[in-house]
Amino acid sequence: SQCDADLADLYSKFNSTKKNSSELEKGIVDLNYKITKIQLEIKAKNVKIKQLGENIVTKSKYVEQLSGRIENIKKSIGKILGDTYIIEDNSIINVLLSTENLSSFFVDIDNYASINEKLQILIQELKGVKKIFETEKKDLETKQTQESKLKYEQEVAKKNTESYKKEKQIVLSLSKNK
């Protein structure tokens, strides 16, 4: 990546300058190197954090969609169970006596079988969607943890940079006093 190339270039300049300098200048060059290196690392982490943030937004929307799909499947299952209950509530003899002919009785039986088949299909779909939902939710939590870790590392790096800048100022003031 660009940050790696910048780091390699910075390191070669650092080594070149270090060979041709006095001890104080070497100290300043060393501190400048550390500061710039950390700034480049912070830049790389900013890119990663941005990518993770975008990924988290996408995953969150997908988890929401899955949640909505689960609710729709549950409603469909509830409706089918209600229809099944109505059919089961009538005894076979009542259904047979209330139908005008034998063929409509078999149509009712076929409808009952069809409802049960749809119910089984929806239950399997619900199980699959719930499994995907749980996997995506765990992945989302992992990405959020990664983002938090990167942000923490970035804050530590910024504090280190400030520390190196203060140290550099001390070295510069000492060099002026000589």
> If you go through region 143-157, how many residues are open to solvent by less than 90 Å² (accessible area, probe 1.4 Å) and in contact (Cβ under 8 Å) with a residue 40 or more places away in the chain?
Replying inline: 8
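Determine whether L31 is out of contact with any strand residue (DSSP E or B) (no Cβ under 7 Å at 6 or more places or on another chain), modelled with pLDDT of 85 or more and open to solvent by less than 50 Å² (accessible area, probe 1.4 Å).
Values: out of contact with any strand residue (DSSP E or B) (no Cβ under 7 Å at 6 or more places or on another chain): yes; modelled with pLDDT of 85 or more: no; open to solvent by less than 50 Å² (accessible area, probe 1.4 Å): yes.
Spelling it out, it is not the case that L31 is out of contact with any strand residue (DSSP E or B) (no Cβ under 7 Å at 6 or more places or on another chain), modelled with pLDDT of 85 or more and open to solvent by less than 50 Å² (accessible area, probe 1.4 Å).
Looking at region 112-126, which of its residues are among the aliphatic types (A, V, I, L, M) and farther than 12 Å from S76 by Cα? Give the derivation first.
Quick first cut of region 112-126, residues among the aliphatic types (A, V, I, L, M) only: 113, 115, 119, 121-123, 126.
Within region 112-126, A113 is the sole residue that qualifies.
Which is within 30 Å of L31 (Cβ to Cβ), modelled with pLDDT under 90 and either out of contact with any Pro (no Cβ under 6 Å at 6 or more places or on another chain) or aliphatic (A, V, I, L, M) (or both), of Y164, Y112?
Details: Y112 fails: within 30 Å of L31 (Cβ to Cβ).
Exactly one of Y164, Y112 is within 30 Å of L31 (Cβ to Cβ), modelled with pLDDT under 90 and either out of contact with any Pro (no Cβ under 6 Å at 6 or more places or on another chain) or aliphatic (A, V, I, L, M) (or both), namely Y164.
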> So which residues in region 124-166 are in contact with a Lys or Arg (Cβ under 6 Å, 6 or more places away or on another chain) and among the hydrophobic types (A, V, I, L, M, F, W, C)?
Replying inline: V129, L140, L150
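The values are calculated or read from the model by the stated rules, or taken from the named source; none is laboratory data. Quick caveat: nothing in here was measured; it's all calculated off a predicted structure. Please note: Cβ atoms are built from the backbone with ideal geometry, for glycine as well, and neighbour counts cover all protein chains shown. Just so you know, the surface numbers come from the protein's heavy atoms only, side chains and all, with ligands and any DNA or RNA stripped out. Shrake-Rupley method; radii C 1.70, N 1.55, O 1.52, S 1.80 Å.
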